[in-house]
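Everything below concerns the one structure shown next.
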Amino acid sequence: MDVARGIHMWRREFGAGTNWTLWAYYDANDQLTWPKNDYPKETRQYDAQGNQTERALFGTHDEPVMDLSHGYHRVSTTYDERGNWTREVYLGTNGLPVLVKGCYAAISAQWDDRSNQTEFAYWGVNGEPVRGPDNFHRRVIEYGADGKILAQKYYDAQGKELNQPSP
């Protein structure tokens with residue numbers, strides 16, 4: 001029992017392997033409850049390699065709720081064949097993309113054969129290029145044979161190269 005967080009008990013369920021698929025908090029009456037600094041119920045899904053493909057939040061009546069610190073109900077993630085994430089899309093309670101931190105609804109990444117991130121970008125609710133909180137749309141990273149970063153280039157949403165992102 002965690003009285004300080006308003007929890008009488010919690011339940012965690014596991015899918016195949018060691019990844020948990022449900023985490024829920026209950027009050028003394030065995031009802032879902034809002035713990036301090038958390039959500040009554042969180043679910044997760046995983047692919048065959050154990051990569052988390054979905055995370056969703058729910059309220060005390062199993063209704064979809066928004067993550068108040070980030071502004072989404074569910075995040076959906078895809079991966080490449082090496083297990084590197086390639087895209088995350090943030091969705092509202094209606095299942096449509098929503099803006100996170102007021103500026104992007106999705107992020108994407110590309111990776112080289114050594115699993116070094118070579119590109120990172122922010123996208124809007126309709127898949128359009130947008131500037132993220134780092135004040136750039138896309139970052140392209142070049143690596144040397146030793147795997148060390150040689151150069152990073154930044155671009156705005158119109159594809160124009162930036163000298164460097166400004167805060």
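Listed values, structure above:
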item: Selection within the stretch 59-103 - in a loop (DSSP other than H, G, I, E, B) and in contact with a strand residue (DSSP E or B) (Cβ under 6 Å, 6 or more places away or on another chain); result: 60, 65, 70, 71, 73, 80, 84, 93, 98
item: Sole residue being closer than 23 Å to residue 88 by Cβ and either surrounded by 14 or more Cβ atoms within 10 Å (Cβ to Cβ) or of a type in the set (Phe, Trp, Tyr) (or both), chosen from 18, 33, 60, 43; result: 43
item: Enumeration of residues in the stretch 25-58 that are assigned to a loop (DSSP other than H, G, I, E, B) and under 25 Å from residue 104 (Cβ atoms); result: 37, 38, 39, 47, 51
item: Residues of the stretch 108-125 satisfying the condition of being in contact (Cβ under 8 Å) with a residue 24 or more places away in the chain and more than 16 Å from residue 141 (Cα to Cα); result: 124, 125
item: Selection count, the stretch 31-46, where residues are modelled with pLDDT of 80 or more and either closer than 17 Å to residue 62 by Cβ or hydrophobic (A, V, I, L, M, F, W, C) (or both); result: 10
item: Unmet criterion (only one of (1) surrounded by fewer than 16 Cβ atoms within 10 Å (Cβ to Cβ); (2) farther than 30 Å from residue 28 by Cα; (3) in contact with a Ser or Thr (Cβ under 9 Å, 6 or more places away or on another chain); (4) not acidic (Asp, Glu)) for residue 90; result: (1)
item: Any chance residue 131 is of a type in the set (Lys, Arg), closer than 19 Å to residue 43 by Cα and without any contact (Cβ under 8 Å) to a residue 60 or more places away in the chain; result: no
item: From 151, 121, 106, residue being of a type in the set (Gly, Ala, Ser) and over 30 Å from residue 66 (Cα atoms); result: 151
item: Selected residue (criterion: surrounded by the fewest Cβ atoms within 10 Å (Cβ to Cβ)) from residues of the stretch 105-127 that are of a type in the set (S, T, N, Q) and under 23 Å from residue 94 (Cα atoms); result: 126
item: Selection count, the stretch 128-164, where residues are assigned to a loop (DSSP other than H, G, I, E, B) and surrounded by fewer than 17 Cβ atoms within 10 Å (Cβ to Cβ); result: 15
item: Test: residue 51 is at pLDDT below 95, surrounded by 14 or more Cβ atoms within 10 Å (Cβ to Cβ) and under 30 Å from residue 146 (Cβ atoms); result: yes
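The values are calculated or read from the model by the stated rules, or taken from the named source; none is laboratory data. Just so we're clear, the structure is a prediction, and the values are computed from it rather than from any experiment. As a convention, Cβ positions derive from the backbone with ideal geometry for all residues, glycine included, and neighbour counts pool all protein chains shown.
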